[in-house]
Amino acid sequence: MHISEGILSAPVLVSGAALTVAGTAVGLKKLDYDRVPQVAILSAGFFVACLVHIPIGPASAHLILNGLMGLFLGWVAFPAILIGLILQAVLFQFGGLTTLGVNTLNMAFPAVLCFFTFRAGIRSENMTLSMAASFLCGSMAVLLGSLMLALSLVCSGEHFLVVAKIAVMVHLPVMVIEGLITALCVRFFKRVKPEILEVVYEQ
């Protein structure tokens, strides 16, 4: 999901940066400072999960956890993901500073979109419906993120079309894994601490 420096065109970089600034501003406005520790833990989990890359041809796959972050954070997923990407770029040269805007948008926007799409199902008292919505939240966030990554590449040049297709394909198994992780997390918290899910539902 990380796009490196020197690949994207200037219009794509500027558009991604502008949209990320807007999303981050909304996220910071909605951030309840009592929830900062929760945001920090999820951002750290995102940071660690993205460090393990599995090379597949010209692309690579790794866990993203953006659906899970969207589910628990809503709009706050934007600043949380941005912080994780900044640390990865500075410490490990994953992605880059000029592509921070696009990389953040590609991961955070699907997280927020899936939160608003599936939150009604996730908060349902019907456990089967809640688990299905949770699985879709986790898996669709990865699918949308990979499609946005592909779009970013194609908009920078048609010669990236093959790489864009591969990038989507290699994330199909990740979709299933993250869907299961998200569903299991929701099931766990609904049983031991359901109030942690109710806080963000009010956004």
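The table that follows gives values for the structure above.
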{"item": "Residues within region 137-188 that are part of a loop (DSSP other than H, G, I, E, B) and more than 15 Å from the chain's Cα centre (by Cα), tallied", "result": "2"}
{"item": "Index of the failed condition, LEU65 passing every other in (1) at pLDDT 85 or above; (2) at negative phi", "result": "(2)"}
{"item": "Residue list for region 71-96, filter: without any contact (Cβ under 8 Å) to a residue 60 or more places away in the chain, more than 18 Å from VAL21 (Cα to Cα) and among the hydrophobic types (A, V, I, L, M, F, W, C)", "result": "VAL90, LEU91, PHE92"}
{"item": "Residues satisfying the stated conditions in region 143-193, i.e. surrounded by fewer than 20 Cβ atoms within 10 Å (Cβ to Cβ) and of a type in the set (Gly, Ala, Ser)", "result": "SER156, GLY157"}
{"item": "Residue match in region 97-106 (condition: of a type in the set (A, V, I, L, M), within 25 Å of CYS185 (Cα to Cα), in contact (Cβ under 8 Å) with a residue 40 or more places away in the chain and in contact with a Gly (Cβ under 9 Å, 6 or more places away or on another chain))", "result": "yes"}
{"item": "Residue, farthest from VAL170 (Cα to Cα), within region 1-54, restricted to residues that are among the β-branched types (Val, Ile, Thr) and outside any helix (DSSP H, G or I)", "result": "ILE7"}
{"item": "Residues of region 1-41 satisfying the condition of being within 13 Å of ILE83 (Cβ to Cβ) and either in contact with a Gly (Cβ under 8 Å, 6 or more places away or on another chain) or buried (at least 21 other Cβ atoms within 10 Å of the Cβ) (or both)", "result": "THR20, THR24, GLY27, VAL39"}
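The values are calculated or read from the model by the stated rules, or taken from the named source; none is laboratory data. Worth saying up front: this structure is predicted, and the values here are computed from it rather than measured. All Cβ positions, even for glycine, are placed from backbone atoms using ideal geometry, and neighbour counts span all protein chains on display.
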